[in-house]
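Contents: one structure, followed by commentary.
The values are calculated or read from the model by the stated rules, or taken from the named source; none is laboratory data. Computed from a predicted structure; not experimentally measured. As a convention, Cβ positions derive from the backbone with ideal geometry for all residues, glycine included, and neighbour counts pool all protein chains shown. The area values use the complete protein model at the heavy-atom level, side chains included, leaving out ligands, DNA and RNA. Shrake-Rupley method; radii C 1.70, N 1.55, O 1.52, S 1.80 Å.
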Amino acid sequence: MKHSSCLVAGLFGCLVLAACSDDPAVEPGAASSSSSGSSGAESSSSGGSSSSGGSSSSGGSSSGDASACTPVGAGAFQLGRLAPGELAEFFGRLEPTLGTETDSVLLTLYGAGANAPGTFDLASGDDANFATCAHCVTVVSGPQDAAVLFYQTAGSLTVEASPDAYEGGVRGTLAGLTLVEVTLDPRTLVSTPVPGGRCLTLESATLDVEPPPPPPVVPDAWTCADAAYADGTCDCACGAPDLDCAADSTPASCASCSACGTPAQCTDRVDPADLSACAETQEPETYTCDRFTYGDGAVCDCGCGAFDPDCASAAVAACDSCSACGTARCELIVSAADNAQCIAAPPVPAGWACNPVYWADGQCDCACGALDVDCGAAATPAACDYCAACDPAAGVTCSAVVTPDLLACRP
């Protein structure tokens, strides 16, 4: 069995952070092991060795003497990580914990064929060391930055033929497990028992995990982004119903309706009888601005060919925007009494040397060769908002560099 260090490191990033490197993966034989078929299994590897003569600690003995180990159990297992055809991880809560609520029992099936049904001796062959195991049972205890790892030295795993673990489900049993505290080589992932370390026994645990349902198929009629389908939010006006929208959903339930308008407009713009479609067009046919701007509840858009209900009145004074008519101030390019209509903008005067869009744009632009209507006939240089043509130094105001008539720069 050949372990990809980065794939396995996802389980124990706190323990083998350095394993995610360019080092070659562990090849078969990197850790040799043998088992007597009992809880006193002997394991050796390049990373260290342990034997039945190991020292003991208050938590049990790393010798694998089950009578000296702490008995534990496992809560209901559930699916953790899944890489179809490559890895399946299932975990259950350790009961009782060793002091941390996240203490877990992990079963990892790794590599081609590891999902095959059968009964497997977890203390023999490749399964005797974490670096080479195909059927790997571990206990991880403690916070991520100081986690303790226990690995199997005795016990068996029985896996039934259905469901397929590489489809995210498993049914079977763990029986007669002994797990000893180990360290992992950060490069090879070889597990080595900790001298005098603790050990645990797990008499039995049931594996009964149903595979997750297959991902939903995006309908051909779906017109929104594929990622939006069945993503947990009710997306409307997408050409096909979103699975996230309940049968009794209304337009008010829509999180988005981009084909009809902004999220705030969904209530009014989505068809209540069919959330996959927009309601009949709300804006008049003569409305020429972006349809999303009509009745958006925020901006009075003028010069759009039809009255925007966001406007307090039809007067030009109500306009918030009139970009449809040009860049000048609205009162110069929008009809005074009918703000749905544009009027001809005042012509840029002869001699205007600045950018034409600066003419009548609402800012008093000076030293442009002609008087900006925004400045007013009686304005002084102090009224200038801009005088870029004079290239004033930092901190210098226009009044210091613009001529009194506002048309040029001071010599």
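Checking each residue in the range 303-318 for being more than 25 Å from Thr267 (Cβ to Cβ) and touching an Asp or Glu at 6+ places or on another chain (Cβ under 8 Å) picks out Ala314, Val316, Ala317. Only one of the numbered conditions (1) open to solvent by 70 Å² or more (accessible area, probe 1.4 Å); (2) part of a loop (DSSP other than H, G, I, E, B) is not met by Glu331, and that is (2). Taken together, Ala344, Ala340, Ala324, Ala317 contain a single residue that is more than 30 Å from Ala408 (Cα to Cα) and without any contact (Cβ under 8 Å) to a residue 24 or more places away in the chain, which is Ala317. If you check Thr153 against the conditions, is it out of contact with any Pro (no Cβ under 8 Å at 6 or more places or on another chain) and at pLDDT 95 or above? So Thr153 fails the test. Please indicate, with yes or no, whether at least one residue in the range 276-290 is open to solvent by less than 60 Å² (accessible area, probe 1.4 Å), closer than 23 Å to Val218 by Cβ and either free of Cβ contacts under 8 Å to residues at least 12 places away in the same chain or assigned to a loop (DSSP other than H, G, I, E, B) (or both). Yes, the range 276-290 has at least one match. Test Gly59 against the stated conditions and say whether it is within 20 Å of Gly176 (Cβ to Cβ) and modelled with pLDDT of 90 or more. Taking the combined requirement at face value, the residue does not satisfy it.
Scanning the range 291-304 for residues that are part of a loop (DSSP other than H, G, I, E, B) and open to solvent by less than 30 Å² (accessible area, probe 1.4 Å) yields a count of 4. Residues that are closer than 17 Å to Thr288 by Cα, in a loop (DSSP other than H, G, I, E, B) and of a type in the set (Asp, Glu): does the range 314-321 have at least one? Yes; the residues of the range 314-321 include at least one that is closer than 17 Å to Thr288 by Cα, in a loop (DSSP other than H, G, I, E, B) and of a type in the set (Asp, Glu).
Scan the range 177-184 and give yes if some residue there is out of contact with any helix residue (DSSP H, G or I) (no Cβ under 9 Å at 6 or more places or on another chain), free of Cβ contacts under 8 Å to residues at least 60 places away in the same chain, within 24 Å of Pro84 (Cα to Cα) and part of a strand (DSSP E or B), otherwise no. Within the range 177-184, none of the residues are out of contact with any helix residue (DSSP H, G or I) (no Cβ under 9 Å at 6 or more places or on another chain), free of Cβ contacts under 8 Å to residues at least 60 places away in the same chain, within 24 Å of Pro84 (Cα to Cα) and part of a strand (DSSP E or B). Tally up the residues in the range 372-400 that are open to solvent by less than 30 Å² (accessible area, probe 1.4 Å) and among the aliphatic types (A, V, I, L, M), please. Here the count works out to 1. So, Pro309, is that one exposed (fewer than 14 other Cβ atoms within 10 Å of the Cβ) and within 30 Å of Thr281 (Cβ to Cβ) or not? When the stated conditions are applied, Pro309 passes them. Of all residues assigned to the range 336-347, at least one qualifies as being farther than 30 Å from Ala370 by Cβ, surrounded by 19 or more Cβ atoms within 10 Å (Cβ to Cβ), at pLDDT 95 or above and not basic (Lys, Arg).
Here Gly369 clears all of (1) out of contact with any Ser or Thr (no Cβ under 7 Å at 6 or more places or on another chain); (2) open to solvent by less than 70 Å² (accessible area, probe 1.4 Å); (3) under 30 Å from Asp268 (Cβ atoms) except the condition numbered (3).
The set of residues from the range 108-146 being under 20 Å from Glu181 (Cα atoms), surrounded by fewer than 17 Cβ atoms within 10 Å (Cβ to Cβ) and among the aliphatic types (A, V, I, L, M) comprises just one member, Ala146. Out of the residues in the range 192-213 that are over 20 Å from Ala161 (Cβ atoms) and in contact with a helix residue (DSSP H, G or I) (Cβ under 9 Å, 6 or more places away or on another chain), which is surrounded by the fewest Cβ atoms within 10 Å (Cβ to Cβ)? The qualifying residue surrounded by the fewest Cβ atoms within 10 Å (Cβ to Cβ) is Thr201. The residue of the range 83-94 that is nearest to the chain's Cα centre (by Cα), among those that are open to solvent by 30 Å² or more (accessible area, probe 1.4 Å) and at pLDDT 95 or above, is Phe91. Of Val270, Val334, Val316, all but one fail to be closer than 28 Å to Cys364 by Cβ and touching a Gly at 6+ places or on another chain (Cβ under 9 Å); the exception is Val334. Among the residues making up the range 352-368, those that are within 51 Å of the chain's Cα centre (by Cα) and assigned to a loop (DSSP other than H, G, I, E, B) are Cys354, Asn355, Trp359, Ala360, Asp361, Gly362, Gln363, Cys364, Cys366.
Number of residues in the range 249-275 that are assigned to a loop (DSSP other than H, G, I, E, B) and either modelled with pLDDT of 90 or more or open to solvent by 70 Å² or more (accessible area, probe 1.4 Å) (or both): the value is 11. Reported count of residues in the range 222-243, each being in a loop (DSSP other than H, G, I, E, B), open to solvent by 40 Å² or more (accessible area, probe 1.4 Å), free of Cβ contacts under 8 Å to residues at least 24 places away in the same chain and of a type in the set (A, V, I, L, M), is 1. In summary, Ala360 fulfils each of the numbered conditions (1) surrounded by fewer than 17 Cβ atoms within 10 Å (Cβ to Cβ); (2) touching a Leu at 6+ places or on another chain (Cβ under 9 Å); (3) in contact (Cβ under 8 Å) with a residue 24 or more places away in the chain with the single exception of condition (1).
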